[in-house]
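Structure record follows, encoded as structure tokens.
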Amino acid sequence: MFAEAISRALDIPDVYDMTTKETSTINEYDMLILGTPVHGFNPSKESISFIKNLPETEGKEAILFITCRLWKGGTFGKLKKELKKKGYKTGLCVEVKAKEFTEEDFAGAINKLKKELKK
Ligand SMILES: Cc1cc2nc3c(=O)[nH]c(=O)nc-3n(C[C@H](O)[C@H](O)[C@H](O)COP(=O)(O)O)c2cc1C
């Protein structure tokens, strides 16, 4: 839901499901915007597997967005560490916290993304 809200707000049509897409597609892009729910104070297993399967790069920028209910724990740190192993530089990290997510919950985070992408 967050990924789709970002896609619409920023007019980025290419949204990929990390569990179904081939990771080599990433080579066609200059930037990775990756999101995951927080599971047990950590990134989802799917997001870590996805990163581990990424082709190596040199200093490509990654932007992270996460959703959680209460506390994100070490989620960003873990994602950054795995991305760094693949040569990514992580820039903006945005978090949305809610019990039941609605489009409105994403508005603040989307504004931060918009600002970052205008730079
Ligand atoms: C197995 C599991 C573990 C979770 N662990 C956490 C957690 O450690 N911290 C937290 O704030 N939310 C936790 N949550 C809540 C999820 O982060 C939240 O439901 C999710 O971000 C909503 O996004 P989704 O609809 O894409 O799953 C957990 C949810 C599940 C199902």
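Coordinate-derived values only; no laboratory data. Not measured: the values here are computed from a predicted model. We place every Cβ from the backbone using ideal geometry, glycine too, and count neighbours over all the protein chains shown.
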Looking at the chain, I'd like the Rg to Rh ratio, where Rg is from alpha-carbon atoms and Rh is Kirkwood's inverse mean 1/r.
0.93
Which residues' amide hydrogens lie under 5 Å from the amide hydrogen of THR90, considering only partners 5 or more residues apart or on another chain, with H built in the peptide plane?
ALA62
What residues from region 27-51 fall in the zone where the backbone N is under 20 Å from a label point 7 Å along the Cα-to-C-beta line of LEU10?
27-38, 43-44, 47-48, 50-51
Contour excess over end-to-end distance, with Cα ends at LYS89 and LYS118 and 0.36 nm allotted per residue
8.7 nm
Positive-end extreme of charge dipole, the chain - chosen from ILE33, GLY59, ALA3 (charges on Cβ)
GLY59
Of the beta bridges DSSP finds with both residues in region 2-118, what % are antiparallel, to the nearest 5?
10 percent
Relative contact order for the chain: what is it in percent, counting Cα pairs under 8 Å that are at least 6 residues apart?
25 percent
